[in-house]
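To keep things clear, I will list the structure first and then write my remarks on it.
The values are calculated or read from the model by the stated rules, or taken from the named source; none is laboratory data. All figures in this text were calculated on a predicted structure; none of them were measured in a lab. Every residue, glycine as well, gets a Cβ built from its backbone with ideal geometry; the counts of neighbours run over all protein chains shown. Ligands, DNA and RNA are excluded from the accessible area calculation, which covers all protein heavy atoms including side chains. Shrake-Rupley method; radii C 1.70, N 1.55, O 1.52, S 1.80 Å.
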Amino acid sequence: MKKLHFLIFAALTFIVISCTKEYPEPVYTPEKNTWLVNTDTFGPTNFKFYDTANLMYGGIKGVGSVTIKFREKPKTDGEFVFREKADEVNEISILIIDSVSKLNWQSTDNDGLALKGEQFANVTVNGGNIGVAFNNKWLKRTDNVDRAKVSINIE
């Protein structure tokens, strides 16, 4: 009888531990050339790199756009840190315009308002093409009132 009680106790303990285990939220990766602001998905759209301005731009007329500014055109793959203004080689600044809600979102320096620590985007260089991808990063609203969780997948 003691063995049966032990087995029942062990089974209940296992169930309780299994049920209370926390699982991380799934990371949502947007489709190619798409971006996500909170729960709103935008795109896909074509993105173009403008060499004369060192920026990548993609937009959907009347819906929204993404502008990613580099200090200079990336030459190798790597992690680029978010900044309000990209002053160094491995930094990027991001501006997202939501034309429907009339809200603008931007990357910011690590000032405690929108960031808990350094935030990075993965930048890839494939021939002449530049790719930028990141998931669930914080951008602040340009009027400093709010922030948004943003994901981008530009190939």
Surface accessible to a 1.4 Å probe, Val145 within the full protein complex, Å²: 100 Å²
Approximate spin-label separation Asp109-Asp146, in nm, with each point projected 7 Å along Cα-to-Cβ: 2.7 nm
Of the trypsin sites (Lys or Arg not before Pro) in segment 33-82, those whose Cβ has at most 13 other Cβ within 10 Å and which sit in DSSP loop: Lys61, Lys75
Label-point separation in nm, Val81 to Thr39, each point 7 Å along Cα→Cβ: 3.5 nm
5 angstrom amide H check on Ala86, placed H, neighbours 5+ away: Ser93
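Which length gain, in nm to one decimal place, applies between Asn54 and Val125 when the Cα-Cα distance is subtracted from 0.36 nm times their residue separation?
24.2 nm
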Peptide ranges 123-133, 87-97 listed from the most packed, as the mean C-beta count within 10 angstrom indicates: 87-97, 123-133
Neighbourhood net charge (12 Å Cβ-Cβ; Lys/Arg +1, Asp/Glu -1) for Asp87: -1
Accessible surface of segment 66-155, 1.4 Å probe, proportion on carbon and sulfur as whole %: 44 percent
